[in-house]
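Here's the structure, in structure tokens; my notes come after.
The values are calculated or read from the model by the stated rules, or taken from the named source; none is laboratory data. It should be emphasised that the depicted structure is a prediction, and the values quoted were computed from it without experimental measurement. Heads up, the Cβs are rebuilt from the backbone with ideal geometry, glycines too, and the neighbour counts pull from every protein chain shown.
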Amino acid sequence: MEDKNNRLKRFQNGSPIEIIETLLNSLDNFMNREIDISAKGECWNLVVIGIHAVALTLSEGLFGKSGITGYKLFLMKFIDIDEKGYDFSVIADDIHNYRNVLAHRWLSQTGYEFGLDFSMKEGYQIRDKITVFNPKRYYQSYNEAFSGGGKIWDYEKILTKDELDQTKDRLIDRYLHKK
């Protein structure tokens, strides 16, 4: 592992790309590996929790947005595609709430408002006011965003020069301080 002081100097002296791509590569090499293993094992709740953790890490780091606001922005910028049932930001509140049920409140009334269907073609559908979610399709969309040429790697097209500098400062601050 790289010495922490050398890493800090590299981040401080480098362009914003240095720290952003270190973060992206680290998430891809560590978190995504476990998310992939969970998907192969059909552990879809772990997939949802893992993707959510990456989404919040990136939305806070890249955009300075946390919680549902950051999560929805992450989906809009990196995961959504222009296809029916694949604009996951539309149901961001529902997925975020489901993740909260998984992580914090297992017994919840959410089960009456949110369901899973692994067989449908779409990533989600609204059926009689119930959001029906397909974690397999959600994972596939997420995986495509991280693949070679995926939207995640096009962050420079999304962030302005000033936003890239702000991202660098925010990520260095997070590196230095435990929060």
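For the range 92-102, the count of residues that are without any contact (Cβ under 8 Å) to a residue 60 or more places away in the chain, under 17 Å from LEU73 (Cα atoms) and touching a Leu at 6+ places or on another chain (Cβ under 9 Å) is nonzero. The set of residues from the range 2-11 being closer than 24 Å to TRP153 by Cβ and over 25 Å from the mean Cα position of the chain (by Cα) comprises GLU2, ARG10. So, of the residues in the range 123-179 that are touching a Ser or Thr at 6+ places or on another chain (Cβ under 7 Å) and not in a strand (DSSP E or B), which turns out to be surrounded by the fewest Cβ atoms within 10 Å (Cβ to Cβ)? The selected residue is LEU159. Applying the set (1) basic (Lys, Arg); (2) assigned to a helix (DSSP H, G or I); (3) under 22 Å from LYS129 (Cβ atoms) to ARG105 leaves exactly one unmet item: (2).
Is it the case that the range 121-129 has a residue that's touching a residue at least 40 places away in the same chain (Cβ under 8 Å) and either hydrophobic (A, V, I, L, M, F, W, C) or within 16 Å of ILE49 (Cα to Cα) (or both)?
No - not one qualifying residue is present in the range 121-129.
Scanning the range 63-95 for residues that are over 11 Å from the mean Cα position of the chain (by Cα) and outside any loop (DSSP other than H, G, I, E, B) yields a total of 12. When restricted to residues that are surrounded by 15 or more Cβ atoms within 10 Å (Cβ to Cβ) and in a loop (DSSP other than H, G, I, E, B), the range 13-49 contains 1. Can you find a residue in the range 89-108 that is on the phi < 0 side of the Ramachandran plot, modelled with pLDDT of 95 or more and touching a Ser or Thr at 6+ places or on another chain (Cβ under 6 Å)? Checked against the condition, which is being on the phi < 0 side of the Ramachandran plot, modelled with pLDDT of 95 or more and touching a Ser or Thr at 6+ places or on another chain (Cβ under 6 Å), the range 89-108 yields at least one hit. Here LEU23 passes the criteria (1) free of Cβ contacts under 8 Å to residues at least 60 places away in the same chain; (2) out of contact with any Phe, Trp or Tyr (no Cβ under 9 Å at 6 or more places or on another chain); (3) among the aliphatic types (A, V, I, L, M) except the one numbered (1).
Of note, MET76 does not satisfy the criterion of being over 22 Å from LEU56 (Cβ atoms) and of a type outside the set (D, E, K, R).
On inspection, GLU60 passes the criterion of being under 30 Å from ASP165 (Cβ atoms) and modelled with pLDDT of 95 or more.
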